[in-house]
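Before any comments, here is the structure.
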Amino acid sequence: MRITVTVDDPTDDFRDRLLALLEEHAAHVDVDATWTVERAVRYYRTLPARAGHIVQLAAGRGGFVGDDELRTDGGSLRGHSGALKRVLERGIREGWWPAGMRPPIQAQGPGFGKVKGYSMPADLVDVFSAAVDQCGERK
């Protein structure tokens, strides 16, 4: 048997009780941690402008945007990875998606704060491209 439950804008009490029930029966529950266009739209809309621009460019360029394309003003890319992660975590807290969602985009680089670009898994490019199309471009 397969049961799919979607609850739009649940109260905090209802969400907490439902999550507690699911946790109690976790051995028998499969959580859908797949990025859908609807989830990608929510993620994209919630991002700050510059972080959203990174997602837009990566989705539009087949899954990778280099640092040279992002540093057009000579500015730093510091802090954008944090925004990408915070929105993912906020979505879990708000019940927009379940825990276990993989990050849709990640900083690439040698480490120590040096970012050479941002990469999106190939299987998410179409999903996030559709989300960007629904929301419109960010600059």
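The values are calculated or read from the model by the stated rules, or taken from the named source; none is laboratory data. Not measured: the values here are computed from a predicted model. No Cβ is skipped: glycine too gets one built from the backbone with ideal geometry, and neighbour counts run over all protein chains shown. For accessibility, only protein heavy atoms count, side chains too; no ligands or nucleic acids. Shrake-Rupley method; radii C 1.70, N 1.55, O 1.52, S 1.80 Å.
Brief remarks on what is shown
- In the stretch 60-88, the residue that is modelled with the highest pLDDT out of those that are assigned to a helix (DSSP H, G or I) and farther than 18 Å from PHE128 by Cβ is GLY82.
- Taken together, the criteria exclude LEU57 from residues that are assigned to a helix (DSSP H, G or I) and at pLDDT below 90.
- Residues (within 22 Å of the chain's Cα centre (by Cα), open to solvent by 90 Å² or more (accessible area, probe 1.4 Å), more than 19 Å from GLU89 (Cβ to Cβ) and hydrophobic (A, V, I, L, M, F, W, C)) located in the stretch 1-46: VAL5
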